[in-house]
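The values are calculated or read from the model by the stated rules, or taken from the named source; none is laboratory data. Keep in mind it's a predicted model, so treat the numbers as computed, not measured. Reconstructed Cβ throughout: ideal geometry from the backbone, glycine too, with neighbour counts over all protein chains shown. Accessible surface areas use protein heavy atoms only, side chains included; no ligands, DNA or RNA. Shrake-Rupley method; radii C 1.70, N 1.55, O 1.52, S 1.80 Å.
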Amino acid sequence: MPIKHPNLHLERINGAIPAWRARISGADLQPICHAVRDGGGRLLALWGSDEREQGNGFVLHVVLVKETGLVCLSVALSAGQPVYPDISRIFPVANRMQRAAYDLLGIYASESQDHRQWLRHAAWPDDSFPLRKDFDEAASRSDELDSYPFVQVEGQGVHEIPVGPVHAGIIEPGHFRFSVVGEKVLRLEERLGYTHKGIEKRFESMTLQQGARLAGRVSGDSTVAYAWAYAMAAESIANIRPPDRALWLRALFLERERIANHLGDLGYLGNDVAFSFGFAQFWILKEQVLRNNGALFGHRYLMDSVIPGGVAVDLSTEGKRVLEQECIMLEQQVHILRSIYEEHAGVQDRFIGAGRVEPKLAAQLGLCGLAGRASSQAWDCRVQFPCAPYDRLDVQMAMHRNGDVAARVTLRFDELFESLRLQRDIMVNLIGGDELARTLNQLPAHGFGIGMVEGWRGEVMVAIQTDGEGHLDRVHPHDPSWQNWPVLEHAIMDNIVPDFPLINKSFNLSYSGHDL
Amino acid sequence: MYQILKQIIKTGIRTEAAPQPDEAMRIEPQRLQQQILDVFGGALNIRLVDAGSCNGCELEIHAVNNAYYNLEGIGIKFVASPRHADMLLVTGPVSRHMEVALKRTFDAIPDPKLVVAIGECACDGGIFSPTHSIGDKGGSYASCGKVSNVIPVDVAVSGCPPTPTAIMQGILTAISAQRREAG
């Protein structure tokens, strides 16, 4: 049992990740959250579902992480007045999730200080909620103009720089409002939600298989992580375990996704400090990984390779040889490039000290994933909750305590080498067994399943609920960017505006994964 | 410095030959005269707008700048301002929250201009757009569906995401003269 509380009756959820579920009353939410936070736990995700048809009103779901596993709390809210106690004072990261839950479902955190809209801009009116089952799409179209009350910073010499939603480079859209004095940033306020395209609503009309494709497109750069987390949630409801070979291949895909993204980021981090040599070199390496993916698995980013029940593609003996060669080449090349980065005074001068997030602040705000580990937050699902095949891989967690751009660069190098080592180990274990997937076409009725995977950016979670016929009733994907976007606002403080692109890139957060 | 130079020399030139234009990608008849194309062909500036993609297409657009495809090597580059652009590249189903920003970016590009829709979602709304939707245009409460529902599109490049070669082909098709059908 991960936590004890007199009113908490935890039920184990089947599946690859240690997870428990409990239905609690609204009054118990804050005390339980307090207890989890005081024990070193964090808030992972918060969302709501419309269960009025089953007579349950609305339900708030809160997932907390402790070292022993996940705890999913479900709080029934009345259909007429769906209100729950605010938890953003316990977990600051809850703020935006609570606002999003209101925008999409109309459930409301009482006593919260901040009730501004978050994912809703002006596409639908504020008294209409897309994730309610009786949402009338045609009648809810709004053409009003968007406005948002940014926090104003006042004082002598303070001015604002608005940036976006269309940015200068090849990036996703979002708005940043800088309040600056001279070059120095006093405050950054983010506004996201521009890429909101109704993903959660789309899931509700999809079959299990279609949903797997959609899950793989919540955030394209983390397609394997999402597809795996989705499959894990489905397998948890169906209570089946994929064949061993499929699990090994999933881990292979996930590590290859990490390798490709880290290579790309290391290149762009060089580019952002005017070291275009770094971009040229790392992107040659990344392209080789992508080409091998394309040749061996049929997709450069491995989309749709992980399916509920197993995997859709196999690795041939010849393919194994190709990947072994690739490993040798990458290790050799990245070693050379790492020493060039480390010995380059100009590069290090820009990296060191930029965008620092102290470990204490990181813990308070719940910074997670790669950025969290660069600020001493020792969380990595592959280590804490090693689902098969990670239970046989002994993943070494990379850690740093400086929390600056340089630390996040170091983390990427360390994780890159570790992923190459894991890829080798995985291939050694990929022997025998031709079964790639168990049949999983239909889920049981009224199921609740959860999956969590350590993607290259951080923890990716997917929760699935099925209706009375076993169809997808509610699917909630959660991106680690929800945790890390608010921390970026702190990381930029007291830095200069021209360092923002570098600091932003060192986090490299997802807009699409957050905006849904 | 010695290490950097050594690495550059050892790496050599990786750039591959650019692909040929593909008329199948063209939606609108070529609107530009040969003289303009001759100028564009030598130097083209592109502004990208992600109108709501999953960021998969952005990954491949980044890749066209890598040493293998080396788009800049044939005189085509991405610019920060629509005022400097000749061509607009758009990815994603157009989210309703990006509709205004996309229209404004399009309007800010001086004429003559070209629009290339990149990826399945930009071409037909993709996986994010239900077929049975508002006005049969493939949108939803949050999405306007395909790019041509919002701004005129010259060339469409499908794929999820399209390969860097396909993206280059799309760009080159938009700035090539339209060949007349034989007969």
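Just name the residue that is farthest from the other protein chains (Cβ to nearest Cβ) out of those in segment A:167-203 that are basic (Lys, Arg) and within 30 Å of A:Tyr230 (Cα to Cα).
Taking segment A:167-203 and keeping what is basic (Lys, Arg), we get A:177, A:184, A:187, A:191, A:197, A:201-202.
Okay, now just the ones that are also within 30 Å of A:Tyr230 (Cα to Cα), so A:191, A:197, A:201-202.
Details: A:Arg191: 10, A:Lys197: 5, A:Lys201: 7, A:Arg202: 6 Å.
By that ranking, first place goes to A:Arg191.
Where the second residue is open to solvent by 20 Å² or more (accessible area, probe 1.4 Å) and of a type in the set (A, V, I, L, M) and the first is more than 19 Å from A:Val383 (Cβ to Cβ) and assigned by TED's automatic domain parsing to the domain that holds A:Leu249 and lies in segment A:404-433, which pairs have Cβ atoms under 9 Å and are six or more apart or on separate chains?
Listed by first residue and then by second, the contacts come to A:Asp404/A:Ile352; A:Val405/A:Ile352; A:Ala406/A:Ile352.
Let me spell it out: the conditions are (1) under 24 Å from A:Gly369 (Cα atoms); (2) crowded, with 20+ Cβ neighbours inside 10 Å; (3) modelled with pLDDT of 90 or more, and A:Leu77 meets all of them except one. Which number is the exception?
(1)
Inside segment A:244-288, can you point out the residues that are in contact with a helix residue (DSSP H, G or I) (Cβ under 7 Å, 6 or more places away or on another chain) and among the charged types (D, E, K, R)?
Correct list: A:Arg250, A:Glu255, A:Arg256, A:Glu257, A:Arg258, A:Asp265, A:Asp272, A:Lys286, A:Glu287.
Among the residues of segment A:167-192, count how many are open to solvent by less than 20 Å² (accessible area, probe 1.4 Å) and in contact with a Gly (Cβ under 8 Å, 6 or more places away or on another chain).
8
On the given criteria, is A:Val224 hydrophobic (A, V, I, L, M, F, W, C), assigned to a helix (DSSP H, G or I) and under 27 Å from the mean Cα position of the chain (by Cα)? First the steps, then the outcome.
On the way: hydrophobic (A, V, I, L, M, F, W, C): yes; assigned to a helix (DSSP H, G or I): yes; under 27 Å from the mean Cα position of the chain (by Cα): yes.
Taking the combined requirement at face value, the residue satisfies it.
List the pairs whose first member sits in segment B:145-160 and is at pLDDT 95 or above, whose second member is among the hydroxyl-bearing types (Ser, Thr, Tyr), and whose Cβ atoms are under 6 Å apart, counting only residues at least 6 apart or on separate chains?
Listed by first residue and then by second, the contacts come to nothing, as the list is empty.
To keep it simple, each residue is scored yes or no on (1) under 30 Å from A:Ile340 (Cβ atoms); (2) modelled with pLDDT of 90 or more.
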residue: B:Tyr2; (1), (2): yes, no
residue: B:Leu5; (1), (2): yes, yes
residue: B:Thr11; (1), (2): yes, yes
residue: B:Glu28; (1), (2): no, no
residue: B:Leu32; (1), (2): no, no
residue: B:Gly42; (1), (2): no, no
residue: B:Ala51; (1), (2): no, yes
residue: B:Asn55; (1), (2): yes, yes
residue: B:Glu60; (1), (2): yes, yes
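Just for helices (runs of 4 or more DSSP H) wholly inside segment A:368-474: which have at least 2 residues that are aromatic (Phe, Trp, Tyr) and closer than 19 Å to A:Arg256 by Cβ? Before the answer, list the steps.
Details: elements: A:369-373, A:381-384, A:405-429.
Of the helices (runs of 4 or more DSSP H) lying wholly inside segment A:368-474, those with at least 2 residues that are aromatic (Phe, Trp, Tyr) and closer than 19 Å to A:Arg256 by Cβ span A:405-429.
For residues that are surrounded by fewer than 19 Cβ atoms within 10 Å (Cβ to Cβ) and either in contact with a Lys or Arg (Cβ under 9 Å, 6 or more places away or on another chain) or at positive phi (or both), tally how many sit in segment B:136-162.
4
Is it the case that B:Asp124 is farther than 28 Å from B:Asp38 by Cα and open to solvent by 40 Å² or more (accessible area, probe 1.4 Å)? Please lay out each step first, then the result.
Working: farther than 28 Å from B:Asp38 by Cα: yes; open to solvent by 40 Å² or more (accessible area, probe 1.4 Å): yes.
It is true that B:Asp124 is farther than 28 Å from B:Asp38 by Cα and open to solvent by 40 Å² or more (accessible area, probe 1.4 Å).
Within segment A:204-216, work out how many residues are assigned to a helix (DSSP H, G or I), within 14 Å of chain B (Cβ to nearest Cβ) and surrounded by 19 or more Cβ atoms within 10 Å (Cβ to Cβ).
So the count comes out to 4.
Does B:Lys77 satisfy the criteria of being within 22 Å of A:Ala122 (Cα to Cα), more than 10 Å from chain A (Cβ to nearest Cβ) and in contact (Cβ under 8 Å) with a residue 12 or more places away in the chain? Show your work before the answer.
Numbers: within 22 Å of A:Ala122 (Cα to Cα): no; more than 10 Å from chain A (Cβ to nearest Cβ): yes; in contact (Cβ under 8 Å) with a residue 12 or more places away in the chain: yes.
No: the conditions fail for B:Lys77.
Conditions: (1) more than 12 Å from chain B (Cβ to nearest Cβ); (2) within 21 Å of A:Phe417 (Cβ to Cβ); (3) surrounded by 21 or more Cβ atoms within 10 Å (Cβ to Cβ). A:Phe282 meets all but one. Number of the miss?
Answer for A:Phe282: the failing condition is (1).
Could you tell me whether A:Leu436 is assigned by TED's automatic domain parsing to the domain that holds A:Ala363, more than 22 Å from the chain's Cα centre (by Cα) and crowded, with 21+ Cβ neighbours inside 10 Å?
Working: assigned by TED's automatic domain parsing to the domain that holds A:Ala363: yes; more than 22 Å from the chain's Cα centre (by Cα): yes; crowded, with 21+ Cβ neighbours inside 10 Å: no.
So A:Leu436 does not fit the description; no.
If I ask for residues that are surrounded by 24 or more Cβ atoms within 10 Å (Cβ to Cβ), free of Cβ contacts under 8 Å to residues at least 60 places away in the same chain and within 11 Å of chain A (Cβ to nearest Cβ), which ones from segment B:92-119 would you list?
B:Gly92, B:Pro93, B:Val94, B:Ser95, B:Arg96, B:His97, B:Met98, B:Leu102
So A:Gly267 clears everything in (1) free of Cβ contacts under 8 Å to residues at least 60 places away in the same chain; (2) in contact with a strand residue (DSSP E or B) (Cβ under 9 Å, 6 or more places away or on another chain); (3) within 9 Å of another protein chain (Cβ to nearest Cβ) except one condition, right? Which one?
(2)
Checking A:Gln348 against (1) open to solvent by 10 Å² or more (accessible area, probe 1.4 Å); (2) touching a residue at least 24 places away in the same chain (Cβ under 8 Å); (3) within 14 Å of another protein chain (Cβ to nearest Cβ): exactly one of these is not met. Which one?
(3)
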